[in-house]
Amino acid sequence: MAKAKTTAFYCKECGNESSKWSGQCPACGAWNSLVEAPKESCSPVRGRLTGVNAPVPVREVNSASEDRTKCGNAELDRVLGGGIVPGSLVLIGGDPGIGKSTLLMQTCGQLSKKDIKILYISGEESLKQIKLRADRLETDCGSVLLLCETDVARIQAAIDDVKPDVVVVDSVQTMYVENVSGAPGSVTQVREAANVFMTIAKGMGITVFLVGHVTREGSIAGPKILEHMVDTVLYFEGERSASYRILRAVKNRFGSTDEIGVFEMTQRGLKEVENPSEYMLTGRPLDVSGSVVFCCMEGTRPVLLEIQALVCRTSFGNARRSSNGVDYNRMNMLLAVLEKKLEVPLFELDAYINITGGMKVAEPAMDLGIAAAVISSLRNTPVHERTVFFGEIGLAGEVRGVSMTAQRLNEAARLGFTRCVMPAVSLEGIEVPKGIECIGIRHVGELVRVLRQQS
Ligand code: TYD
Ligand code: MG
């Protein structure tokens, strides 16, 4: 007798079930929208919180149980707020191919060395593919348990059976809950699957990592819809073309959201970058005009970055403006302030601004760096290579104070910078680190004077 088929094809758009794959959905006519998914009926186990869902007075709740386990990955530990908390649900979002699976597989390898039982569930890759990736990584992932499955009920059964301490679900958009409408990846399926994993995490005290792809396609639900349900939301960011990656906490019930983790994608997996400033400034050209170092805060971490400006005569009627890593409107505003307050004819000059390394910065403290780079390019005079800038510029050309001055100065001093051009108001009441000279300014006009004296 022929074996009954266990999978069917579902349309991502309308959820229609077909027994055969075809390029166009027979129900709604959408192209290339059919995906394969298991069709066995196993009802999801609900009510795992039974026993703890009766009302309890606050004083009787045991709060001493929040003992964290270090992952062995300093950057991830920092972003998580000091390690993983048992029973927490962590969502890791990011563009496809950014390195989420790599990061989690590496973390699994490091955790398994501490005798922590890990179940890695993949709905995207075969066992062989996962093994191939694990082999490329520097960490030994030998004892991590792998399961290729997309049916949440079967995953539950496996978790009940294995009783792991940590579960990785890669990715939540491939998971499928029986008796719930929609195909895997649809809003209802993603929400329902995350719900089941939440009950598993809370009810059994298992740490669950959910991977969520950030998709720009309307039919696949992105990780955003899960943010309210989970304990911690981490986003993995970075340009595909650049080798660094930033892990950022946007929600954390067990720690601060001000932290970032910096990684470098190498041939052998992700490497922690302990010193982002040094990493970002590697290869900086010295003694060239238009290149300036500025200090921005990434959460509570000061990072030194290089900003470049190129200003040249336009060959068009309207001058061209282009920005990379800097908000376009902010750049235009600063150019207008410089034009008005310094009386330079920027309207007939093209201006290109770029933060090297592919970083994106939105902090106003970078204004002074942009202004210094533009002036340096305009005058074709290099800025002293050991000078760092930070400060916000207002529409009246005033230089306004910024927060966390001491941290910025310490970072600059640590990397051997000897001069800092900064807002005069931020100088009040701070202790200047040894070896660094602080030049406080109040207006962009003073910036021109300072730059002239230095070069
Ligand atoms: P992956 O973790 O599969 O991304 P995601 O799970 O977020 O979709 O990472 C895929 C990319 O990382 C892929 O383009 C190859 C690259 N990569 C390396 O450069 N070095 C490595 O050691 C590994 C494992 C991946
Ligand atoms: Mg992946």
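The values are calculated or read from the model by the stated rules, or taken from the named source; none is laboratory data. Since we're looking at a predicted model, the values are computed, not measured. Ideal geometry is used to build each Cβ from the backbone, glycine not excepted, and the neighbour counts take in all protein chains shown. Surface accessibility is based on the protein's heavy atoms, side chains included, excluding ligands, DNA and RNA. Shrake-Rupley method; radii C 1.70, N 1.55, O 1.52, S 1.80 Å.
Which one of the conditions (1) under 16 Å from the mean Cα position of the chain (by Cα); (2) within 23 Å of Gly203 (Cα to Cα); (3) more than 16 Å from ligand 1 (Cβ to nearest atom) does Asn62 fail to meet, given that it meets all the rest?
Failing condition for Asn62: (1).
Checking the condition outside any loop (DSSP other than H, G, I, E, B) and touching a Ser or Thr at 6+ places or on another chain (Cβ under 8 Å), which residue from Val233, Val196, Val167, Val190 passes?
Only one candidate qualifies: Val167.
Can you tell me which residue within region 85-99, out of those that are within 13 Å of ligand 1 (Cβ to nearest atom), surrounded by 17 or more Cβ atoms within 10 Å (Cβ to Cβ) and among the small types (Gly, Ala, Ser), is nearest to Val172 (Cα to Cα)?
Once the filter is applied, the top-ranked residue is Gly93.
Evaluate region 102-110: report whether one residue or more is away from ligand 1 (no atom under 13 Å from the Cβ) and not aliphatic (A, V, I, L, M).
Among the residues of region 102-110, at least one is away from ligand 1 (no atom under 13 Å from the Cβ) and not aliphatic (A, V, I, L, M), which makes the answer yes.
Scan Leu132, Leu210, Leu137, Leu127 and give me the residue that is within 16 Å of ligand 2 (Cβ to nearest atom), touching a residue at least 24 places away in the same chain (Cβ under 8 Å) and surrounded by fewer than 24 Cβ atoms within 10 Å (Cβ to Cβ).
Leu137 is the lone residue from the list that is within 16 Å of ligand 2 (Cβ to nearest atom), touching a residue at least 24 places away in the same chain (Cβ under 8 Å) and surrounded by fewer than 24 Cβ atoms within 10 Å (Cβ to Cβ).
Does Val79 count as within 16 Å of ligand 2 (Cβ to nearest atom) and of a type in the set (A, V, I, L, M)?
It is false that Val79 is within 16 Å of ligand 2 (Cβ to nearest atom) and of a type in the set (A, V, I, L, M).
Mind listing whichever residues of region 285-324 are outside any strand (DSSP E or B) and either of a type outside the set (Gly, Ala, Ser) or buried (at least 20 other Cβ atoms within 10 Å of the Cβ) (or both)? Break it down into steps so the answer makes sense when it comes.
Of region 285-324, the ones outside any strand (DSSP E or B) are 285-290, 299-300, 314-320.
Correct list: Pro285, Leu286, Asp287, Val288, Ser289, Gly290, Thr300, Thr314, Phe316, Asn318, Arg320.
Does region 67-84 hold any residues that are on the phi < 0 side of the Ramachandran plot, open to solvent by 10 Å² or more (accessible area, probe 1.4 Å) and in a loop (DSSP other than H, G, I, E, B), and which are they?
Hits for region 67-84 are Asp67, Arg68, Lys70.
Does region 103-124 hold any residues that are buried (at least 16 other Cβ atoms within 10 Å of the Cβ) and outside any helix (DSSP H, G or I), and which are they?
Ile116, Lys117, Ile118, Leu119, Tyr120, Ile121, Ser122, Gly123, Glu124
Looking at (1) outside any loop (DSSP other than H, G, I, E, B); (2) at pLDDT 80 or above; (3) of a type in the set (Gly, Ala, Ser), find the lone condition where Ala37 falls short.
With (1) outside any loop (DSSP other than H, G, I, E, B); (2) at pLDDT 80 or above; (3) of a type in the set (Gly, Ala, Ser) applied to Ala37, the lone miss is (2).
Hey, does region 387-401 have a residue that's within 24 Å of the chain's Cα centre (by Cα), open to solvent by less than 40 Å² (accessible area, probe 1.4 Å) and either farther than 30 Å from Gly435 by Cβ or outside the structural domain of Val432 (by TED's automatic domain parsing) (or both)?
No, because not a single residue in region 387-401 is within 24 Å of the chain's Cα centre (by Cα), open to solvent by less than 40 Å² (accessible area, probe 1.4 Å) and either farther than 30 Å from Gly435 by Cβ or outside the structural domain of Val432 (by TED's automatic domain parsing) (or both).
Among the candidates Arg245, Arg268, Arg240, single out the residue that is under 13 Å from the mean Cα position of the chain (by Cα), within 16 Å of ligand 1 (Cβ to nearest atom), among the basic types (Lys, Arg) and more than 18 Å from Met297 (Cα to Cα).
Arg240
Yes/no per residue for (1) at pLDDT below 90; (2) over 27 Å from the mean Cα position of the chain (by Cα); (3) farther than 20 Å from His213 by Cβ; (4) of a type in the set (Val, Ile, Thr):
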residue	(1), (2), (3), (4)
Val79	no, no, no, yes
Ile92	no, no, no, yes
Ala134	no, no, yes, no
Glu138	yes, no, yes, no
Thr150	no, no, no, yes
Arg154	no, yes, yes, no
Ala157	no, yes, yes, no
Val172	no, no, no, yes
